[in-house]
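Read the structure below first, then the notes.
The values are calculated or read from the model by the stated rules, or taken from the named source; none is laboratory data. None of the values given here were measured: they were computed from a predicted structure. In this analysis, Cβ positions are derived from the backbone assuming ideal geometry, glycine residues included, and neighbour counts consider all displayed protein chains.
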Amino acid sequence: MNVALNLHHAATTDPLIAKYDVAGPRYTCYPTVPYWDSTPDEASWLQHLERALQGGEGAAIYVHLPFCRQLCTFCGCHTRIARTHAVVTPYIDALLAEYALYRQRLGVARPHIGELYLGGGTPTFLTPEELERLLGGLLSAADPVHGARFSVEVDPRVTHRRQLEVLARHGFRRISIGVQDFDPRVQEIVNREQSEAQVRAVTEAARELGFDSVSFDLIYGLPLQTHLSVEATMDAVCRLRPDQVALYGYAHVPWIKPGQRRFTEADLPEGHERRALYELARQRLQAEGYAGIGFDHFALQGDALWQAAQCGTLHRNFMGYSAIPTRPLLGLGVSAIGDAGDAFVQNDKDLLSYQQRVAEGELPIQRGHLLGAEDVVLRRHILRLMTQLATSWDGEDYTPYLAEVPARLAEFASDGLIELQTNGLRVTSLGRAFLRNICMAFDARMARQNPGKALFNH
Ligand SMILES: C[S@@+](CC[C@H](N)C(=O)[O-])C[C@H]1O[C@@H](n2cnc3c(N)ncnc32)[C@H](O)[C@@H]1O
Ligand code: SF4
């Protein structure tokens, strides 16, 4: 790796890393989930959805498959550890029934879809036959638009060629493989042991079957990670050369995910050290020819995400960055989130209650949010910052809260992270790594409800 580049960059960003090392949302939506306060009823949600469907670009469908074979102790996702497959059939029944309820209530027999995304949990916990039944059922009642993208998240430890064959046959071309870290000590402490050979086998099988975008999920900030272990992980990543990499910061929320108490906090790299691990991985990826996409994704030139970033069509939704500007997002399954642009809903998080409500013919909405006029404008700015690294506010892009934003961002400008313009700003290349902090300056709900929340360390 390029050590000179590494040292040079560390010298320029070090004080900034310490200063801007504050936890913040990933802004896959605005307002972020903790600030949702106005759950739409079923009729109102359907109205918002119906309006959004008239946009004509095709909807995105997200299907949540919560099952996993064993718990990775770092995991912050909505999962359910399943020892047998007995749980799968009733769950697929519920997913297909939920989709049928939407089609019925919206009066659309075959919705146009621009994106289909299987996430989890672990979609490849399902056998090839189970995947076939789910996808056959969904796609027999959907009309994919030209250029529609189908993506799946997989755990390489339970993913085999036959599942990939089913996915490929149904049009899946993007695969996101959970890698996290290759270091044996780190893998052991997070209860996720998987070899480079396993990841290689899934990567190669996917490519042979026609997947044109292979993405790896990596996490920095895991217990026992060190400079050397991350360097070794990045060596393996570079040998396998995925088209995309998502580099997530470990989110430590043991009060919500008690599994995270299975290692001690003393094993976690601390603030400054943790951020340095991110910098190390980021610089290595850039040295290997990956371009930064937004703040936590990287893509090789020519990949769909890279092309979307070049053309200014990059989109961001609950699944992260996407090359397709689909709207609305229909979330199917336990805990799945839907997004109509000016309304959000999240499904019931309890598996049995989700299944029962669907069986009774009810949309299983647990909570949500109807966006007010200010929310809509601020959401647009945060989305632009996250995808285009710039925004400006004139005319309909203005809301009175924006008058406070330049003062909130003054320190960012003097640190060279942004260039403030009249009624707008541009994020500099130094500022890209601090995009979350910059977006927090636009988060009126956080500022009002949590006025003590600092955007950086004073
Ligand atoms: C649903 S999982 C991916 C699919 C599959 N279950 C697997 O683990 O390979 C989605 C991704 O979320 C990320 N993730 C899970 N828990 C996290 C946490 N606490 N902090 C940051 N990222 C996390 C991991 O990178 C993981 O690959
Ligand atoms: S990281 Fe993936 S495999 Fe591990 S528990 Fe979470 S969802 Fe399941």
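The residues in segment 81-107 that are within 16 Å of ligand 2 (Cβ to nearest atom), buried (at least 17 other Cβ atoms within 10 Å of the Cβ) and of a type outside the set (A, V, I, L, M) can be counted, and the count is 1.
Regarding residue 314, is this residue under 20 Å from the mean Cα position of the chain (by Cα) and over 30 Å from residue 189 (Cα atoms)? Against the criterion (under 20 Å from the mean Cα position of the chain (by Cα) and over 30 Å from residue 189 (Cα atoms)), residue 314 qualifies.
Note on segment 65-89: among residues that are basic (Lys, Arg) and farther than 14 Å from residue 335 by Cβ, the one that is modelled with the highest pLDDT is 69.
The set of residues in segment 154-163 that are touching a Pro at 6+ places or on another chain (Cβ under 8 Å) and either among the aliphatic types (A, V, I, L, M) or touching a residue at least 60 places away in the same chain (Cβ under 8 Å) (or both) contains only 154. Looking only at residues of segment 71-108 that are closer than 20 Å to residue 130 by Cβ and polar (S, T, N, Q), we find that the one that is nearest to the chain's Cα centre (by Cα) is 79. Scanning segment 205-243 for residues that are of a type in the set (Lys, Arg) and out of contact with any helix residue (DSSP H, G or I) (no Cβ under 8 Å at 6 or more places or on another chain) turns up 207, 241. When you check residue 131 against the structure, is it assigned to a helix (DSSP H, G or I), over 22 Å from residue 55 (Cβ atoms) and either within 16 Å of ligand 2 (Cβ to nearest atom) or in contact (Cβ under 8 Å) with a residue 40 or more places away in the chain (or both), yes or no? Answer is no for this residue. Is it true that some residue in segment 115-128 is in contact (Cβ under 8 Å) with a residue 12 or more places away in the chain, surrounded by fewer than 21 Cβ atoms within 10 Å (Cβ to Cβ) and over 30 Å from residue 55 (Cα atoms)? Within segment 115-128, one or more residues are in contact (Cβ under 8 Å) with a residue 12 or more places away in the chain, surrounded by fewer than 21 Cβ atoms within 10 Å (Cβ to Cβ) and over 30 Å from residue 55 (Cα atoms). Check segment 224-244 and report whether any residue there is without any contact (Cβ under 8 Å) to a residue 60 or more places away in the chain and within 15 Å of ligand 2 (Cβ to nearest atom). No, segment 224-244 contains no residue that is without any contact (Cβ under 8 Å) to a residue 60 or more places away in the chain and within 15 Å of ligand 2 (Cβ to nearest atom). Would you check if residue 134 is of a type in the set (A, V, I, L, M), over 28 Å from residue 220 (Cα atoms), in contact with a strand residue (DSSP E or B) (Cβ under 8 Å, 6 or more places away or on another chain) and crowded, with 21+ Cβ neighbours inside 10 Å? It is true that residue 134 is of a type in the set (A, V, I, L, M), over 28 Å from residue 220 (Cα atoms), in contact with a strand residue (DSSP E or B) (Cβ under 8 Å, 6 or more places away or on another chain) and crowded, with 21+ Cβ neighbours inside 10 Å.
The residue list 199, 253 contains one member that is buried (at least 22 other Cβ atoms within 10 Å of the Cβ) and either more than 14 Å from ligand 1 (Cβ to nearest atom) or not hydroxyl-bearing (Ser, Thr, Tyr) (or both), which is 199. The lone criterion from (1) more than 30 Å from residue 42 (Cβ to Cβ); (2) in contact (Cβ under 8 Å) with a residue 12 or more places away in the chain; (3) exposed (fewer than 15 other Cβ atoms within 10 Å of the Cβ) left unmet by residue 439 is number (3). Residue count for segment 187-196, restricted to those that are more than 24 Å from residue 261 (Cβ to Cβ) and either surrounded by 18 or more Cβ atoms within 10 Å (Cβ to Cβ) or out of contact with any helix residue (DSSP H, G or I) (no Cβ under 6 Å at 6 or more places or on another chain) (or both): 1. A count restricted to segment 257-316 and to residues that are within 23 Å of residue 19 (Cα to Cα) and assigned to a loop (DSSP other than H, G, I, E, B) stands at 6.
Of the numbered conditions (1) in a loop (DSSP other than H, G, I, E, B); (2) free of Cβ contacts under 8 Å to residues at least 60 places away in the same chain; (3) not aromatic (Phe, Trp, Tyr), residue 380 fails exactly one; give the number of that condition. Failed condition: (1). Hey, does segment 222-233 have a residue that's crowded, with 22+ Cβ neighbours inside 10 Å and under 30 Å from residue 115 (Cα atoms)? Checked against the condition, which is being crowded, with 22+ Cβ neighbours inside 10 Å and under 30 Å from residue 115 (Cα atoms), segment 222-233 yields no hits at all. Only one of the numbered conditions (1) in contact (Cβ under 8 Å) with a residue 60 or more places away in the chain; (2) outside any strand (DSSP E or B); (3) more than 19 Å from residue 435 (Cβ to Cβ) is violated by residue 387, and that is (3). Residues that are part of a helix (DSSP H, G or I), away from ligand 2 (no atom under 11 Å from the Cβ) and either over 21 Å from the mean Cα position of the chain (by Cα) or surrounded by fewer than 18 Cβ atoms within 10 Å (Cβ to Cβ) (or both) within segment 145-186 comprise 161, 162, 163, 164, 165, 166, 168, 169, 184, 185, 186, listed in sequence order.
Taken over segment 227-256, the criterion of being under 17 Å from residue 289 (Cα atoms) and either part of a loop (DSSP other than H, G, I, E, B) or of a type in the set (Lys, Arg) (or both) is satisfied by 239, 241, 242, 243.
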